[in-house]
Amino acid sequence: MPEESALDQLLKSGEFLHHLDMDRKTADLVFDRRTIKALYEFMSSQHIDYVDFPISAGKESVVFKVIKDRKPLVLKIYKLSTLRFSTIWKYIEGDYRFARERINRSNIVYIWAKKEYTNLHEMRKNGILCPRPYDFHKNLLLMSYIGTKATPAPRLKDADCDFDNVYSEVRGFMRTLYQKAKLVHADLSEYNILYHRKHAYIVDVGQSVSREHPAADYFLERDVRNISIFFTKKGVEAPYEDLLRFVKGADAGE
């Protein structure tokens with residue numbers, strides 16, 4: 001009988017999870033066997049030294065700070081156990097960029113990682129501040145880290161900032177996203193914007209769709225409504241109709 005590999009022994013012992021300082025319930029949701037194997041492969045190929053600590057956790061993913069060559073990066077892990085086919089299919093179906101992908105229940109999360117990588121690349125190409133995507137592997141995505149040595153950048157909802165200036169920057173990003181990158185974020189809110197060094201950074205763009213997506217108008221209107229409500233509560237003049245016209249370019253007769 002062949003001896004167990006070091007990875008198999010690690011999986012069975014659970015020691016890998018203890019080093020991450022996560023409770024067992026959360027660990028069971030994130031680090032299923034397939035994810036740990038993918039993580040092992042990705043850390044080896046990318047020469048990642050170690051996983052530092054969790055930055056954020058949500059229903060569909062967990063984001064970790066990792067160290068490579070003494071520099072911080074971000075590793076996003078999409079949960080195979082909770083990222084539902086029915087939840088994310090509507091953001092992929094109708095997106096021409098992925099029309100040739102063979103998508104099924106077993107690989108849709110891998111397509112999701114590729115989708116976020118693609119969206120981030122397109123956003124950066126058009127000058128929108130967001131994490132730099134380095135690579136993806138199965139349900140893992142490696143990105144640049146936004147924050148200081150001490151702490152990750154706060155979400156906009158928790159930031160202490162000049163909200164008038166931030167609104168001006170965010171509305172500009174929304175317009176560029178729609179007009180130049182030809183994308184709609186589809187989940188934009190104060191929860192998916194980071195504030196760092198007096199600038200806004202757009203994050204969590206896995207669900208972002210092409211402007212040609214059948215539900216693009218609905219997603220755009222929802223994004224605009226979220227941003228309008230948040231900044232209005234902060235005392236900024238951000239009327240919904242004006243913002244929607246600006247993003248679509250209707251204010252300039254485009």
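Among the candidates K65, K79, K71, K37, which residue alone is exposed (fewer than 14 other Cβ atoms within 10 Å of the Cβ) and of a type in the set (D, E, K, R)? Give the steps one after another, and end with the answer.
Working: K65 fails: exposed (fewer than 14 other Cβ atoms within 10 Å of the Cβ); K79 fails: exposed (fewer than 14 other Cβ atoms within 10 Å of the Cβ); K37 fails: exposed (fewer than 14 other Cβ atoms within 10 Å of the Cβ).
Testing whether each residue is exposed (fewer than 14 other Cβ atoms within 10 Å of the Cβ) and of a type in the set (D, E, K, R) leaves just K71.
Among the residues of the stretch 25-34, not a single one is at pLDDT 75 or above, surrounded by fewer than 16 Cβ atoms within 10 Å (Cβ to Cβ), under 25 Å from H121 (Cβ atoms) and not assigned by TED's automatic domain parsing to the domain that holds G206.
Please find, within the stretch 102-138, the residue that is farthest from K180 (Cα to Cα) out of those that are of a type in the set (K, R) and in a loop (DSSP other than H, G, I, E, B). Here the answer is R105.
The values are calculated or read from the model by the stated rules, or taken from the named source; none is laboratory data. Just so it is clear, the structure is predicted and the values come from calculations on it, not from any experiment. Ideal geometry is used to build each Cβ from the backbone, glycine not excepted, and the neighbour counts take in all protein chains shown.
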